[in-house]
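Quick notes on the structure that follows.
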Amino acid sequence: MFYEKLQELSKKTGKSFAVIERDLGLPKNSMYNYKKSNPTSERLNQLAKYFNVSADYLLGGDDKKIDENLTEQENDLVRAFRIESEDMAEEEQAQFNKSLKDMMKIAKDLLNDDSNWKK
């Protein structure tokens with residue numbers, strides 16, 4: 001499924017696999033390797049960014065484009081969230097969401113405490 005999505009996006013953008021590999025600094029023929037194996041999460045995110053689609057879409061999920069109203073950093077978080085939560089049941093996702101919200105509050109408090117950033 002992943003490889004077919006790459007082919008589809010390659011065709012849509014009018015870019016050959018060789019051009020995409022060059023643009024992303026990937027080894028020659030690395031795109032063809034995805035016929036047999038899935039990418040690492042890092043490579044998945046790199047390709048999702050390149051094509052402006054979600055990682056979920058590349059993995060065979062729905063056709064959600066990345067929200068163009070979000071910053072690149074926000075879209076990175078959305079991608080990471082989708083990758084980490086894709087195999088979770090609904091109840092697990094709810095718990096995951098709550099824990100992430102709690103962690104964001106802690107992170108904000110840490111960010112606002114200058115003593116955490118002094119060397």
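Points to keep in mind about this one:
- Scanning the range 27-49 for residues that are over 10 Å from the mean Cα position of the chain (by Cα), of a type outside the set (Lys, Arg) and surrounded by fewer than 17 Cβ atoms within 10 Å (Cβ to Cβ) yields 27, 29, 30, 32, 33, 37, 38, 40.
- Only one entry in 118, 65, 49 is basic (Lys, Arg) and at pLDDT 80 or above, namely 49.
- Residue within the range 55-65 that is over 15 Å from residue 9 (Cβ atoms) and not charged (D, E, K, R) present: no
Residue-wise test of (1) part of a helix (DSSP H, G or I); (2) in contact (Cβ under 8 Å) with a residue 60 or more places away in the chain; (3) touching a strand residue (DSSP E or B) at 6+ places or on another chain (Cβ under 8 Å); (4) in the same structural domain as residue 17 (by TED's automatic domain parsing).
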site: 50; (1), (2), (3), (4): yes, no, no, yes
site: 61; (1), (2), (3), (4): no, no, no, yes
site: 70; (1), (2), (3), (4): no, no, no, yes
site: 73; (1), (2), (3), (4): yes, no, no, yes
site: 80; (1), (2), (3), (4): yes, no, no, yes
site: 93; (1), (2), (3), (4): yes, no, no, no
site: 105; (1), (2), (3), (4): yes, no, no, no
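The values are calculated or read from the model by the stated rules, or taken from the named source; none is laboratory data. Small disclaimer: the values here were computed from a predicted structure and weren't measured. No Cβ is skipped: glycine too gets one built from the backbone with ideal geometry, and neighbour counts run over all protein chains shown.
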